[in-house]
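Engineer: Here it is, the structure, as structure tokens.
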Amino acid sequence: MDLIKIVKPSRFVFFLACLAAMAMLFISEGAYWQSVAALNKLAYVGQARAAIEGVDRSILAAEAGQRGYLLTRNEEYLQSYNSAVKEVESSFTFLEAYYRANEKKNVDLTDLRALWNAKLAETAAAIRLHEDQKTAVSTAIAMSDLNKDQMEAIHALSKKLLDEIAQTVLTGRGDIYRTLMLSRVGLAMLSAACLFAMYLYLRNSSVLKQHELELKTLLKAKGERLEAEVVERTAQLTDLTRYLQHAREDERNRLARNLHDDLGALLTSAKLDAARIKSRLAATAPEALEVLSHLVGTLNSSIALGRRIIEDLRPSTLGNLGLVATLEILARDFAKLTNVEVHCALEPVELEASAELVVYRLVQEAITNIAKYAKARNVWVSLAVRGAEAEVTVRDDGVGFDPSAQRHSVYGLMGMHYRVEAEGGSLVLESAPGRGTLIRVRLPQSTLVPA
């Protein structure tokens with residue numbers, strides 16, 4: 001499974017969740033402000049309804065105050081009348097402001113106002129006539145059918161306006177219910193969308209987690225497989241190194257044997273022939289004795305060179321004298337050839353024959369590298385027992401080098417490592433520029449007790 005295919009839906013889910021949250025906030029705020037506006041409008045409508053009812057009630061109160069005053073001439077009724085007139089005027093002032101934008105309803109209010117003005121003029125005329133001692137006329141005006149018709153017309157217009165107010169209230173309440181319903185539906189849909197987004201998120205998270213587990217399992221299996229391959233290849237390289245080492249040593253032994261048997265025999269035979277010729281020519285051709293002496297010297301040098309080559313190819317001292325003596329001879333010859341002072345601290349150890357040969361070759365290659373690269377004045381070679389292992393060290397005071405840097409001679413060091421590992425040992429190299437080089441090798445000692 002491609003990781004990008006998992007991440008992209010996660011981004012879509014995150015975007016969907018943000019969009020749902022914004023939409024939820026928008027719907028909630030929109031519903032709130034619409035409901036607030038509708039409630040404010042209903043409150044204003046309620047005030048208008050109260051004002052209409054106040055007009056109707058105050059007109060009745062004014063008429064009752066007028067009749068009470070006309071019948072009893074009690075000033076309290078007149079005060080009640082005047083208060084009712086003021087309340088009617090106050091209510092009409094509010095209603096005129098309320099209906100100013102509604103031309104149709106404003107006509108009804110205008111008609112109601114006209115009826116009130118006529119009623120007010122009539123009641124005011126009756127009160128003046130009564131005050132002028134024209135009681136009969138004022139009473140007749142108050143009790144006339146015209147007054148009754150005016151009150152019925154006022155009640156009819158008031159009822160009409162109240163019915164319209166009631167319809168407006170119903171409409172406003174319907175708007176509020178509609179807004180709340182839309183809000184509920186919207187929130188329900190957004191909640192469903194959020195739940196769906198959460199489902200997608202959890203599903204993608206589960207898929208991603210499963211993918212991570214599969215990837216970890218795959219990487220673990222691949223790592224185990226690579227580790228097994230490394231172990232297998234290392235074992236193969238170790239076996240190959242051991243095989244090549246044995247093949248190399250066998251080839252060295254074969255060459256040494258051929259040089260010893262064939263070339264040695266030829267050189268020895270030539271030396272004997274030269275000695276016989278020298279004895280025969282001593283009396284007859286004394287001038288040839290010098291040439292024969294030079295030839296014998298050359299043959300002796302050739303024989304010595306052959307012996308050195310044979311010893312390099314197959315150290316016979318290793319089988320005859322042992323590892324300690326062989327290393328001492330190797331160190332002594334190296335010191336003679338290079339004028340480098342060699343310090344030996346060698347103890348007898350018990351090693352397999354192949355391991356002894358590995359130690360000899362390692363010391364041989366180490367001092368050869370010292371002669372080529374180290375520019376050392378002193379070399380320390382040690383052989384000692386460390387527990388169940390034999391430890392070999394070769395140290396010099398030469399120029400040293402950086403082991404982490406790539407060098408042309410790195411394959412020689414790798415060859416040392418594989419030779420030692422082939423015998424079940426370990427090799428440690430320590431060096432630094434200007435601080436010389438130390439090679440430490442540890443090999444398991446032989447468990448066989450020598451006879």
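The values are calculated or read from the model by the stated rules, or taken from the named source; none is laboratory data. Nothing here was measured: the structure is a model prediction, and the numbers come from that model. The accessibility values were calculated without ligands, DNA or RNA, using every heavy atom of the protein model including side chains. Shrake-Rupley method; radii C 1.70, N 1.55, O 1.52, S 1.80 Å.
Engineer: Averaging over all projection directions, find the projected area of the Cα convex hull of segment 178-229 and quote it in nm² with one decimal place.
Structural biologist: The number I arrive at for segment 178-229 is 3.0 nm².
Engineer: Could you quote the convex hull projected area for segment 313-394, Cα atoms only and averaged over all directions, in nm²?
Structural biologist: Over all viewing directions, segment 313-394 projects a mean Cα-hull area of 5.2 nm².
Engineer: Continuing with this model, one more query. Quick one: of K41/K119; K41/K159; K278/K336, which pairs are farther than 26 Å apart, Cα to Cα?
Structural biologist: In this structure, K41/K119; K278/K336 lie more than 26 Å apart at Cα.
Engineer: So, one more: Send over the Kirkwood Rh of segment 309-451, from the inverse of the averaged 1/r over different Cα pairs, rounded to one decimal Å.
Structural biologist: Answer for segment 309-451: a Kirkwood hydrodynamic radius of 15.5 Å.
Engineer: In addition: So if I restrict to the alpha-carbon atoms in segment 174-279, what is the Rg, and what is Dmax, the biggest pairwise distance, in Å?
Structural biologist: Rg, Dmax (Cα atoms, Å): 43.9, 149.
Engineer: Ignoring ligands, DNA and RNA, please state the percent of accessible area on segment 157-247 from carbon and sulfur, probe 1.4 Å.
Structural biologist: Carbon plus sulfur share of accessible area: 66 percent.
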